[in-house]
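Data first, discussion second: the structure below is written as structure tokens.
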Amino acid sequence: MVEAQTWTTRRMSNPRLDTTTTDPVVDIPPTPPGELRNSFGSNPNNNLSPTLVTALIISSWYLSNIGVLLLNKYLLSFYGYRYPIFLTMLHMLSCAAYSYASINFLELVPLQHIHSKKQFFKILALSAIFCFSVVCGNTSLRYLPVSFNQAIGATTPFFTAIFAFLITCKKETGEVYLALLPVVFGIVVASNSEPLFHLFGFLVCVGSTAGRALKSVVQGILLTSEAEKLHSMNLLLYMAPLAALILLPFTLYIEGNVLALTVEKAKGDPFIVFLLLGNATVAYLVNLTNFLVTKHTSALTLQVLGNAKAAVAAVVSVLIFRNPVTVMGMAGFGITIMGVVLYSEAKKRSKVTTH
């Protein structure tokens with residue numbers, strides 16, 4: 001998925017190392033100038049107000065991000081389609097096809113080309129990390145409720161700070177590190193109180209969150225020069241097919257001939273075709289709406305929405321799937337979200353003081 005779940009977080013063209021979003025595919029592109037963001041709403045032939053357009057886009061962002069999580073959970077846990085690697089490969093193929101159409105036919109963003117073998121191998125490395133993160137995230141949904149999955153995913157800033165220090169020796173202010181304490185403490189409380197706790201599901205979900213953070217840090221290192229920087233939509237265009245190729249041998253070796261099994265299942269239940277196609281389409285919409293939200297608002301708005309999304313997704317999943325929750329579990333989730341907000345504010349203050 002893609003990073004359901006956490007299609008996920010991710011700043012595909014922004015080399016900054018901090019991230020507070022939990023969406024697996026999703027990286028925050030750079031914020032365009034105000035006149036570009038408002039160009040759609042200022043079109044005299046367009047009858048929709050800019051405020052309405054922005055509201056529709058934000059609503060679409062929530063629907064796609066939460067929708068892909070719920071669809072993945074339904075497919076992998078309730079419907080019985082227990083092939084997370086193949087499902088992720090379908091997500092990648094969908095992202096590749098839709099990205100090609102969006103860039104080459106709809107011209108949402110200008111097409112950028114890969115200029116060297118060095119740049120290609122850098123993108124290949126990012127694709128491998130991306131695969132690991134998304135597959136782990138989708139796999140965790142087989143074993144964990146969406147609410148607990150989102151609580152773990154909210155700890156992305158903690159792993160980002162660790163990888164930034166280990167790989168780049170980048171040190172944050174004491175205030176930033178202190179803000180990470182409730183992030184970790186909250187997930188410890190939630191884990192101890194989770195009625196449906198599953199050790200393997202917990203470990204792969206932590207792996208997905210760490211992979212998302214690692215990709216953010218590595219991307220900031222590899223694609224630093226102006227000649228190699230790619231817009232998030234272009235980066236997805238090149239990463240998605242590479243990720244699908246990486247996943248192909250793994251799904252064949254681990255999951256067997258999934259395609260034949262899926263075709264056989266579709267003969268008895270055609271609804272599976274609708275589920276898979278819809279799921280793969282929504283997985284791409286996660287990335288598209290990430291771009292549109294940033295274009296019409298700002299990268300900061302996307303971060304704020306990401307903080308709220310985890311809580312909204314958790315509530316919606318509990319209402320739909322009726323998984324049991326405890327007061328301590330909800331308190332732990334709340335502490336983690338509070339820590340993420342404090343971390344975001346501390347990061348903004350540290351940037352102001354350094355500038």
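The values are calculated or read from the model by the stated rules, or taken from the named source; none is laboratory data. Not measured: the values here are computed from a predicted model. When we count neighbours, we look across all protein chains shown, and the Cβ atoms used for this are built from the backbone with ideal geometry, even at glycine. The protein model used for the area step is the full one, side chains on, heavy atoms only, and it has no ligands, DNA or RNA in it. Shrake-Rupley method; radii C 1.70, N 1.55, O 1.52, S 1.80 Å.
Just a few scattered comments:
- Accessible area (Å², 1.4 Å probe, nearest 10) - residue 215: 0 Å²
- Magnitude of the charge dipole for the chain, about its Cα centre and with charges confined to Cβ atoms of Lys, Arg (+1) and Asp, Glu (-1), is about 340 debye.
- On a per residue basis, the chain carries 43 Å² of accessible surface, using protein heavy atoms and a 1.4 Å probe.
- Residues 239, 338, ordered by accessible area of protein heavy atoms at a 1.4 angstrom probe radius and largest first, appear as 338, 239.
- Put simply, the convex hull of the Cα atoms in region 129-233 casts, on average, a shadow of 7.7 nm².
- Residue 62 contributes about 50 Å² of solvent-accessible surface, heavy atoms of the protein only, 1.4 Å probe.
- Positive-end extreme of charge dipole, the chain - chosen from 60, 129, 162 (charges on Cβ): 162
- Normalised by the number of residues in the chain, the mean separation of alpha-carbon contacts (under 8 Å, six or more apart) gives a relative contact order of 34 percent.
- Distribution of pairwise C-alpha distances over region 53-131, 5 Å bins, in %: 3, 11, 12, 18, 22, 16, 11, 7, 1, 0
- For the chain: rounded, prolate or oblate by the Cα gyration tensor [a/c cutoff 1.5]: rounded
- With the gyration tensor restricted to C-alpha atoms of region 77-199, the semi-axes of the equivalent ellipsoid amount to 32, 25, 13 Å, longest first.
- Of the residues 197, 321, ranked by 1.4 Å probe accessible area with the largest first, the sequence reads 197, 321.
- Rolling a 1.4 angstrom probe over the chain with all protein chains present gives an accessible area of which 72% lies on carbon and sulfur atoms.
- Whether region 162-210 is rounded, prolate or oblate, judged on the alpha carbon gyration tensor where a/c under 1.5 counts as rounded: oblate
- Net +/- balance of residues flanking residue 78 in space, Cβ distance below 13 Å, scoring K and R +1, D and E -1: +4
- Two-site label geometry, residue 253 and residue 277: point separation in nm, points 7 Å out along Cα→Cβ: 3.3 nm
- Pairs of Lys in region 202-328 closer than 28 Å at Cα, counting only those 8 or more apart or on different chains: 5
- Global geometry of region 228-299, whether rounded, prolate or oblate, following the gyration tensor of its Cα atoms and the 1.5 cut on a/c: oblate
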